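The values are calculated or read from the model by the stated rules, or taken from the named source; none is laboratory data. Source: prediction; values computed, not measured. Ideal geometry is used to build each Cβ from the backbone, glycine not excepted, and the neighbour counts take in all protein chains shown. Heads up: the accessible areas ignore ligands, DNA and RNA and are worked out on the full protein's heavy atoms, side chains in. Shrake-Rupley method; radii C 1.70, N 1.55, O 1.52, S 1.80 Å.
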Amino acid sequence: MKQAKLDTWLLKLPGVAVGPKWGDDWVYTVAEKMFCVLCVGGSDAGRMSLKVDDDLFLAMLDQPGIEPAPYLARAKWVMLRAPEEFDAKWLRAQVERSYQLVRDKLPKRVREAL
């Protein structure tokens, strides 16, 4: 996954920011809460992690190329080692859903300010 493509999908959403964290990882946030992580360097370059619906978490893990996200699986995050192998429309829907899941958990006044 190229960061530029992810930027075009996500930076237009209200309140989204992106910045480096943990060395080679770029973290997309809404109101400082992360919803997508993209590794841009090193041996894991290209892998992406994102939040999924609680009730879809186990079903997502049954799909080839999707596994529990390290350190975040308990919060129902998955990791795609090679996101470019997935259909672009499906992938975009997943990252936008991740944004929505995190945004919906924000306090009402914060959501309204977005």
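Calculated mean residue ellipticity at 222 nm for the chain: -9000 deg cm²/dmol, from DSSP H runs with n ≥ 4 weighted as -39500 (n - 2.57), summed, divided by the residue count and rounded to 500. Glu112 contributes an accessible area of around 130 Å² to the protein surface, as traced by a 1.4 Å probe with all chains present. Note that the range 11-18 has calculated 3J(HN,Hα) couplings of 5, 7, 6, x, x, 7, 9, 9 Hz, one per residue in order, obtained from phi through the Karplus relation 6.51 cos²θ - 1.76 cosθ + 1.60 (θ = phi - 60°); glycine and proline are x. The range 49-73 to the range 92-114: how many Å between their Cα centroids? What the calculation gives is 18 Å, centre to centre.
Distant-in-sequence amide contacts of Cys36, defined by a placed amide H-H separation under 5 Å and a gap of 5 or more residues or a different chain, comprise Tyr28.
Please compute the per residue accessible area over the chain with all protein chains in place, 1.4 Å probe, rounded to a whole number of Å².
58
Here the range 1-102 has 53 percent of its accessible surface on carbon and sulfur atoms, given a 1.4 Å probe and all protein chains in place. Annotation: peptides 54-63, 98-107, ranked by per-residue average of other Cβ atoms within 10 Å with the highest first, follow the order 98-107, 54-63. Computed over the Cα atoms of the chain, pair by distinct pair, the Kirkwood hydrodynamic radius stands at 14.2 angstrom.
A simple spin-label model places pseudo-atoms 7 Å from Cα toward Cβ; at Lys5 and Glu96 they are separated by 1.6 nm.
Only aspartates and glutamates eight or more places from Lys105 in sequence, or on another chain, were considered; those with a Cα closer than 20 Å are Glu32, Asp53, Asp54, Asp55, Glu96.
In the chain, taking the dipole from charged Cβ atoms about the Cα centre, the farthest positive-side position among Phe86, Val30, Ser49 is held by Val30.
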